[in-house]
Amino acid sequence: MQAYMDQRFSAIDRRLDAVETDIRSLQAQIRNIDGFAKEIDTAFERIAQLEKDIAQIKQQLLST
């Protein structure tokens, strides 16, 4: 079960990393457009929260 969970979390981590890379690329391309900057900041905040949630879930699974 632990190996399965590790595999799933690794897949989620890879997807989040890919999304973050894509967003950073977009940010570089549209740096001067204010409306997109706010959306990008919001996306980064959401990614950070997801990463925290994943860390908490991992911690809970490891303590059981």
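Any read-out appearing in this document is the output of simple, stated calculations on the displayed coordinates, not a laboratory observation. Every value quoted in this text rests on a predicted model; they were computed, and no experiment measured them. Heads up, the Cβs are rebuilt from the backbone with ideal geometry, glycines too, and the neighbour counts pull from every protein chain shown.
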Which ones in the stretch 1-51 are farther than 20 Å from SER63 by Cα and among the hydroxyl-bearing types (Ser, Thr, Tyr)?
-> THR21, SER25, THR42
The stretch 35-61 residues that are free of Cβ contacts under 8 Å to residues at least 60 places away in the same chain, paired with ones that are aromatic (Phe, Trp, Tyr) and surrounded by 14 or more Cβ atoms within 10 Å (Cβ to Cβ) (beta carbon under 9 Å, 6 or more apart) | ILE54/PHE9; ILE57/PHE9; LYS58/PHE9; LEU61/PHE9
ARG31 being not in a helix (DSSP H, G or I) and not aliphatic (A, V, I, L, M) = yes
